[in-house]
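All remarks here apply to the structure that follows.
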Amino acid sequence: MLMLGSRVSRGWQVLPRTCTRAFSTSPGNVGNPPSITHGRYRYRYVFAILPAIAFGLGTWQLQRAKWKQNIIQEAKQQVEKDIIQLNSADDVALLSGSSNENDQYKFRRVRLSGRYLGGRPMPVGPRVLNGKGGFYVFSPFVPELTPPPPGGAPVLLINRGWIDKDHVGYLDSPQYAAQQKDRTEIVGLVRTPQERPNTFTPDNQPEKNVWYWIDGPAMAKHTGGRAVPVLLNAITDSSLPPKSKIVPLEVDIEKQFFNNHMTYVATWYSLSALLTGFTWYLVRSPPRL
């Protein structure tokens with residue numbers, strides 16, 4: 001009887017422990033009170049904000065794409081207009097006026113004659129053409145104007161074209177220096193000075209003639225102070241030999257603009273769809289700890 005009572009009493013001691021363990025290990029209550037479980041579950045709804053943010057960024061890039069397409073269409077219309085002949089100081093003054101005044105000349109083709117100034121040009125880069133790294137070659141140009149201005153003709157900045165990085169040494173050669181002495185006829189595309197592309201672009205170093213981006217005012221000052229911040233992309237340059245190492249720029253307006261907005265639209269909208277599915281899965285599934 002004593003042994004039976006002892007076993008019974010031990011059984012009653014075991015039963016509560018088993019029941020307690022079963023309760024504590026029930027789904028959703030492993031080591032956590034119900035309040036903590038539901039508190040963590042509630043944070044799943046925070047993910048619902050992420051698809052909305054991605055969708056908003058995609059919509060913003062779609063608006064940017066439409067804005068960029070409008071600019072490209074306006075530029076194409078400008079290129080198709082008749083070529084402007086630069087003959088007088090007044091013509092140059094119109095190009096070098098305020099941004100509101102010279103907007104009508106942006107992306108217009110102009111024809112002018114004159115000579116390049118001596119000295120080493122300003123390589124701007126790196127720039128990629130057909131998968132190869134290189135530089136744009138900017139040179140100061142003195143146009144022939146009638147009548148000649150009393151203080152001398154202003155100096156324009158001409159982007160003569162692109163040169164491979166392996167041929168940059170050619171810009172210091174006697175052959176290149178000889179080309180700059182001849183009278184030259186140019187047909188160029190009017191461009192406006194550009195702003196710094198982004199904060200990751202290094203600073204230009206004019207004292208070393210190192211240029212990472214096109215800074216019209218600084219490049220004009222670098223030429224000696226006579227230059228005006230007028231940029232022309234040379235389409236044809238009579239001083240360049242047929243097989244020149246400098247490749248003239250094409251009149252392809254599409255290539256003149258960095259327009260990847262539709263790629264960004266697809267990226268953000270796809271991310272929004274993926275986040276929406278992931279958020280739905282989180283909300284519908286039971287909480288797990």
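Couple of notes before you dig in:
- Each label point was placed 7 Å from the Cα along the Cα-to-Cβ direction; for Arg226 and Glu144 their separation is 1.7 nm.
- Rolled with a 1.4 Å probe across the full set of protein chains, the surface gives Phe278 an accessible area near 100 Å².
- Rounded if a/c under 1.5, otherwise prolate or oblate - the stretch 174-216, Cα gyration tensor axes: oblate
- Built amide H within the under 5 Å cut-off of Val230, gap 5+: Leu157
- For a label point 7 Å along the Cα-to-beta-carbon line of Ala178, residues of the stretch 223-250 with backbone N under 20 Å: 237-247
- Accessible area per residue for the stretch 114-205 is 50 Å², calculated with a 1.4 Å probe on protein heavy atoms, without ligands, DNA or RNA.
- Projecting the Cα atoms of Ser270, Asn233, Val251 onto the dipole axis of the stretch 216-289, where Lys and Arg carry +1 and Asp and Glu carry -1 at the beta carbon, places Ser270 farthest toward the positive end.
- Using R0 = 41 Å, the C-beta based FRET efficiency linking Arg284 and Ile72 works out to 0.35.
- Area of Leu282 that stays accessible when all protein chains are in place (1.4 Å probe, Å², to 10): 30
- Our summary gives the stretch 177-249 a relative contact order of 41 percent, counting only alpha carbon pairs under 8 angstrom and 6 or more residues apart.
- At the residue level, Thr223 shows approximately 40 square angstrom of accessible surface with a 1.4 angstrom probe and all protein chains present.
- Candidate cross-link partners of Lys208 among the lysines, defined by an alpha-carbon separation under 26 Å and a same-chain spacing of 8 or more, comprise Lys132, Lys165, Lys181, Lys221, Lys245.
The values are calculated or read from the model by the stated rules, or taken from the named source; none is laboratory data. Here the structure is a predicted model, which is why all the values come from computation and not from measurement. So basically every Cβ, Gly included, is an ideal-geometry build from the backbone, and we count neighbours across all protein chains shown. Note: areas computed on protein heavy atoms with side chains; ligands, DNA, RNA excluded. Shrake-Rupley method; radii C 1.70, N 1.55, O 1.52, S 1.80 Å.
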